[in-house]
Amino acid sequence: MSSSQPRNVLGRSSYPEHLRIGEILRKETVGGILLIIAAALALVWANSPFADSYFALRDFEFGYEPWHLKLSVGHWAADGLLAIFFFLVGLELKREFVAGDLRNPARAIVPVAAAAGGVIVPALIYVAVNLTSPETIRGWAIPTATDIAFAVAVLAVISSHLPSALRIFLLTLAVVDDLIAIAIIAFFYTEEVEFTFLLLTLIPLALFAFLAQKNPKFFGKNTSAAWFILLPIGFATWALMHASGVHATVAGVLLGFMVPVLRIGKGGKSVLPRPNKPGLAETFEHRFRPLSAGIAVPVFAFFSAGVAIGGVEGLISAFSDPVTVGIVLGLVLGKPIGILLTTWTITKTTKATLDPDLKWVDLLGVGLLAGVGFTVSLLVNDLSFEQGSEHNDHAKVAILVASLLAALLATVLLRSRNKRYRRIEEAEKVDADDDGIPDLFEDNPPRR
């Protein structure tokens, strides 16, 4: 295709990417269902006659105080277990831009820009609603995140045959806005920084990077080596980051970035990973995604989603709070508006056009689904407002209501397009060369 010809936005992915994304999303589906179950259990327990035991368990503290690690169970879940989740975020983001379809800037620009729009517009809506309430402005970042596990669980429940191009778009958008959320946490929710501890963090981080880059085959083949060598170094990085005052989940992303994506081929040259010969980042992704999706995120959800609603009166009180209104409007309206507006702007200001297989209504459905904000929204809420405070509880109600509303609206729209999606899905299944070998370099053929 010549440079003068228009390129497709959200075009069909290469076949290996189709297979890889499908595998990731199947794991996220299970994790999303566990996430929903954990949140439901927390809500039931927190509003039952035994609610005191739930909050006593969440607030129980343990750990080593001299290392600044005497934390409540809820904080261990948010600061510790979510670091595993963000380690996967770092791995996935690096993998996408180094060896995935999005190594092509023409493919990357749309979901990255859409993610930015999906962060900015909800934040502006929240600020507009809370402009006359200075004490609640601090929660502006709560409605900016997309929960990919929750969103994919919705797709599984409604049996949507969403084309891989839209799935990749949703996954990349969610990963990028998770990264933006981490940057927001690091820059806007860090009040005091202990620079000594922050500088000390660089020592184990550099050691982790050196070992992972120097011995990818060793750590790829020896599972125990990663646990007994890299894990303690990673924990030291996390503990020092936590002691510095910067949110410890940032360490998870940085550690993920340190893992090499390319594999070592013949002659010691770095080459792109293949389905049967993955790089270390992809190997770690396979190993740790079940731990993240099956344990870390559901446990965090269980200790963060529990809120005593207080019946009808409690709901009325919650929706009289500008925090609640700002979050609901930000997630349900701001997310799809930001994503659609940004993508539309790109098509009008460049030579990009929407893929002929898809329509703008499909992007609207994905935009609505991106309004399912849960895990990172709950995390930012706990950083914005003191846990157990009125605003914190109201924000939890808002996140749950907005996520449910966004999921229902996305369900109605995407289900109406399922017949069309089935036809695209069938075409994707046969997207291979005539000899049956998948085209690994559809967009960027390797230089000889």
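The values are calculated or read from the model by the stated rules, or taken from the named source; none is laboratory data. As the structure is a prediction and not an experimental result, all values here were calculated from the model. Note that each Cβ is placed from the backbone with ideal geometry, even for glycine, and that neighbours are counted across all protein chains shown. The accessibility values were calculated without ligands, DNA or RNA, using every heavy atom of the protein model including side chains. Shrake-Rupley method; radii C 1.70, N 1.55, O 1.52, S 1.80 Å.
With respect to the cross-link table entries K214/K269; K70/K396; K221/K277, which display a Cα-Cα separation exceeding 19 Å? Please report the intermediate quantities before stating the final value.
Working: K214/K269 13 Å; K70/K396 25 Å; K221/K277 12 Å.
Distance filter (> 19 Å) returns K70/K396.
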Ignoring ligands and nucleic acids, S224 exposes an accessible area, probe 1.4 Å, in Å² to the nearest 10, of 70 Å²
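Run the dipole for the chain about the Cα centre, Lys and Arg Cβ at +1, Asp and Glu Cβ at -1, nothing else charged, and hand back the magnitude in debye, nearest 20. Don't skip to the end; give the middle numbers.
On the way: 37 positive and 39 negative charges, 387 e Å.
Dipole of the chain, to the nearest 20 debye: 1860 debye.
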How big is the shadow of the Cα convex hull of the range 50-124, averaged over all directions, in nm²? 8.5 nm²
Ignoring ligands, DNA and RNA, please state the percent of accessible area on the range 103-256 from carbon and sulfur, probe 1.4 Å. 73 percent
Can you give the accessible area of W140 in Å² (nearest 10), computed on protein heavy atoms with a 1.4 Å probe? 60 Å²
For the range 115-267, what relative contact order do you get, as a whole percent, if you take Cα pairs closer than 8 Å and at least 6 residues apart? 23 percent
May I ask you to give the percent of accessible area on the range 325-368 that is carbon plus sulfur, with a probe radius of 1.4 Å? 74 percent
Order 60-72, 242-254 from most to least packed using the mean count of other Cβ atoms within 10 Å. 242-254, 60-72
Projecting the Cα atoms of A225, I316, T201 onto the charge dipole of the chain, where Lys and Arg contribute +1 and Asp and Glu -1 at Cβ, the residue farthest towards the positive end is A225
Keeping all protein chains in place, calculate the accessible area per residue for the chain (probe 1.4 angstrom), answer in Å². 44 Å²
With charges only on Cβ, +1 for K and R and -1 for D and E, what is the dipole size of the range 258-348 about its Cα centre, in debye, rounded to 20? 940 debye
In the range 49-122, with Lys and Arg counted as +1 and Asp and Glu as -1 at Cβ, which of these residues, S72, G118, F85, has the Cα nearest the positive end of the dipole, that is, farthest along it? G118
Between [x] 22.7; [y] 20.4; [z] 21.6, which entry matches mean projected area of the Cα convex hull in nm² as derived from the coordinates of this structure? [x]
